[in-house]
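These notes are about the structure you will find just below.
The values are calculated or read from the model by the stated rules, or taken from the named source; none is laboratory data. This structure is a prediction, so every number in the text was calculated from the model and none was measured. With ideal geometry, Cβ positions are generated from the backbone for all residues, glycine too; neighbour counts draw on all protein chains shown.
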Amino acid sequence: MSEKVIIFDTTLRDGEQSPGASLNVPEKVEIARQLAQLNVDVIEAGFPISSPIQFEAVQRIAGSVDVTIAALARAIEADVKAAYDALNGAGSFRIHTFVGTSDIHIGEKFRDSRYGKNIKEKRASILKMARDAVACAKTFTDDVEFSPEDAGRTDIGYLAEVVEAAIAAGATTINIPDTTGYTMPAEFGGIIAELRRRVSDIDRAVISAHCHNDLGLAVANSLAALQKGARQLECTINGIGERAGNASLEEIVMALKVRGDFWGLHTDIRFEEIINTSKMVSAFTGLVVQPNKAVVGDNAFSHEAGIHQDGVLKDKRTYEIMTPESVGLPQTRIVLGRHSGRHGLATRLKALGYHLSDEELGQVYHMFLDLADKKKEVFDDDLRVLMGDEILRRQDYYELDSFHVSAGTTTPATATITLKVEEQVIRESAHGDGPVDACFKAIDRALGLDTNMESYQVRSVTAGREALGEVIVRIRDQGRPFTGRGVSTDIIEASVKAYLNALNEARAATCGTGSNMKTTP
Ligand SMILES: [Zn+2]
């Protein structure tokens, strides 16, 4: 029997820290349910003390998903307590506490003289913080994970001391984060090997790796850690996360599966749920997967060169090391239309991993009929963006009532927009450089805003002239980025919805519901 590797998914915590990605609570719960379907071992659901929304998300996930739920806490009693308060409705939960241990982190975060006068004294206080936080977490649960943040750049002797103290205090998982994505695979594997040599009770804890992808080495570093004895890997769907992201779950688990002969290790992942999970996360976060991405990219199983196509037709194994079916990529496209009915739609959404109440299904069904009228054939990807765009959205503050545009090659574009803001109806017109620009200017004028637009992207969700267009808009408000998405068969309408969506996100954040505590392992 091969040894098991624990898959710790942090899509909802580290992944959600991707610049511009923000998920609301119902979207997070839906993703957590799909992660349970994928059969990950631990779901890190958030960082409860960082904001009320984070707290609520962890609490809701803990109450609705039957997987071990983890929450993040700095090595501070109030953080650990908040994590427990958010988690205690879960059937099984883990408190994950962390503190920075590299000299750079110590110098910056613990500059205050109460931590000590020099690096030696500061190191001693941080070691004590780690020990106390683990002991505190231990009063709430047996399942405690400790991370020395920026372990990749921490002095190995000190790292071993901190790890030893955390284990002595009761940590059952020791996670080694390469927070900045700085290490090379052999070097990172060496850190794990060295800890196993130096820390006396290391076998009392599971060693874990948490690798970032700044140099494109997150998966390689994670695998190097496995080779030296780590038995938990932290990863995210599609590799999303801070900056260049985290190690991608699908790449890790498929490497272990396809090369089972090499590894002799296994995971409990249900591989055929990979594509559904990847597409749900992409649709909800608005982070589009690059076409050449391993395992889940659109081109991952396309063969272009004639000689390759010919080979694959004769025997798939000539150019294919895994089959699209094995990761859940359907080989026939299922098409819904007006006549599919409510039951047909419900069955298809369920197959794609969505869980809807009757009321929500009623809402989606209306939108689905609307869409089916416009475009006749409705594909899986259409349903996914509908779900991402409309169903789980919070009540909007700025709402679109209607718009009118006129544009052409000989006249300047003009737009008139009617918005609903609470009970008020506001109408404004503006000229612009094209109809989309005119709409945005009319919105700014109506709301008295002068928003800084960072990016505007439009893409077609599926092929064909009637395809749904998805627009993703990124704005910056008080120094922070906000993303909005909108879909419609009309790209001007999609653009207006995306812009309003981003403004609604920014407004929700400034009203105190967004997260701004962004320094984590
Ligand atoms: Zn991280």
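Annotations for the structure displayed:
Condition check ((1) surrounded by fewer than 17 Cβ atoms within 10 Å (Cβ to Cβ); (2) part of a helix (DSSP H, G or I); (3) touching a Phe, Trp or Tyr at 6+ places or on another chain (Cβ under 8 Å)) across all residues:
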{"residue": "Arg94", "(1), (2), (3)": "no, no, no"}
{"residue": "Arg114", "(1), (2), (3)": "yes, yes, no"}
{"residue": "Lys117", "(1), (2), (3)": "yes, no, no"}
{"residue": "Glu121", "(1), (2), (3)": "yes, yes, yes"}
{"residue": "Lys128", "(1), (2), (3)": "yes, yes, no"}
{"residue": "Val134", "(1), (2), (3)": "no, yes, yes"}
{"residue": "Gly157", "(1), (2), (3)": "yes, yes, no"}
{"residue": "Ala160", "(1), (2), (3)": "no, yes, no"}
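- Residue check for Arg231: among the charged types (D, E, K, R) and touching a residue at least 24 places away in the same chain (Cβ under 8 Å): yes
- Cβ-Cβ under 7 Å pairs, at least 6 apart or on other chains, segment 164-188 side more than 14 Å from Val206 (Cα to Cα), far side away from the ligand (no atom under 16 Å from the Cβ) and of a type outside the set (A, V, I, L, M, F, W, C): Ala165/Arg131; Ala169/Arg131; Ala169/Lys138
- Sub-9 Å Cβ pairs linking a first residue in segment 13-24 that is within 15 Å of Ala70 (Cβ to Cβ) and assigned to a loop (DSSP other than H, G, I, E, B) to a second residue that is charged (D, E, K, R) and within 14 Å of the ligand (Cβ to nearest atom), at least 6 apart or interchain, are Arg13/Glu44; Asp14/Glu44; Asp14/Glu234; Asp14/Glu242, ordered by first then second residue.
Listed here are the residues, each with its yes/no results for (1) assigned to a strand (DSSP E or B); (2) at negative phi; (3) surrounded by fewer than 17 Cβ atoms within 10 Å (Cβ to Cβ).
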position: Ile7; (1), (2), (3): yes, yes, no
position: Lys28; (1), (2), (3): no, yes, no
position: Ala32; (1), (2), (3): no, yes, no
position: Ala70; (1), (2), (3): yes, yes, no
position: Tyr84; (1), (2), (3): no, yes, no
position: Gly91; (1), (2), (3): no, yes, yes
position: Ile104; (1), (2), (3): no, yes, yes
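- Condition met for Cys211 (closer than 24 Å to Pro26 by Cα and in contact (Cβ under 8 Å) with a residue 24 or more places away in the chain): no
- Complete set of residues in segment 34-55 that are within 16 Å of the ligand (Cβ to nearest atom) and either in a strand (DSSP E or B) or under 19 Å from Thr483 (Cα atoms) (or both): Val42, Ile43, Glu44, Ala45, Gly46, Gln54
- Here Val496 meets the list (1) closer than 27 Å to Val25 by Cβ; (2) not in a helix (DSSP H, G or I) almost entirely, failing just condition (2).
- Each residue in segment 204-229 was checked for being part of a loop (DSSP other than H, G, I, E, B), farther than 15 Å from Pro148 by Cα and among the small types (Gly, Ala, Ser), and 2 of them qualify.
- Some residue of segment 267-275 being under 30 Å from Ser495 (Cβ atoms) and at pLDDT 95 or above: yes
- Any chance Glu304 is of a type in the set (Asp, Glu) and within 29 Å of the chain's Cα centre (by Cα): no
- No other residue among Arg204, Arg259 is in contact with a helix residue (DSSP H, G or I) (Cβ under 9 Å, 6 or more places away or on another chain) and farther than 30 Å from Gly20 by Cα apart from Arg204.
- Restricting segment 172-192 to residues that are surrounded by fewer than 17 Cβ atoms within 10 Å (Cβ to Cβ) and in a helix (DSSP H, G or I), the residue that is nearest to the ligand (Cβ to nearest atom): Glu187
- Selection count, segment 1-33, where residues are more than 16 Å from the ligand (Cβ to nearest atom), hydroxyl-bearing (Ser, Thr, Tyr) and within 11 Å of the chain's Cα centre (by Cα): 1
- Residues of segment 316-342 classified as more than 15 Å from Ser302 (Cα to Cα) and exposed (fewer than 10 other Cβ atoms within 10 Å of the Cβ), total: 1
- Just so you know, in segment 234-277 the residues that are touching a residue at least 40 places away in the same chain (Cβ under 8 Å), surrounded by fewer than 16 Cβ atoms within 10 Å (Cβ to Cβ) and part of a helix (DSSP H, G or I) include one that is nearest to the ligand (Cβ to nearest atom), and it is Val258.
Quick grid of which residues meet (1) free of Cβ contacts under 8 Å to residues at least 24 places away in the same chain; (2) out of contact with any helix residue (DSSP H, G or I) (no Cβ under 9 Å at 6 or more places or on another chain); (3) within 16 Å of the ligand (Cβ to nearest atom):
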{"site": "Thr414", "(1), (2), (3)": "no, no, no"}
{"site": "Cys439", "(1), (2), (3)": "no, no, no"}
{"site": "Ala463", "(1), (2), (3)": "yes, yes, no"}
{"site": "Val487", "(1), (2), (3)": "no, no, no"}
{"site": "Ala506", "(1), (2), (3)": "no, yes, no"}
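- Boolean, Ile61 is in contact with a Lys or Arg (Cβ under 9 Å, 6 or more places away or on another chain), away from the ligand (no atom under 16 Å from the Cβ) and over 15 Å from Glu145 (Cβ atoms): yes
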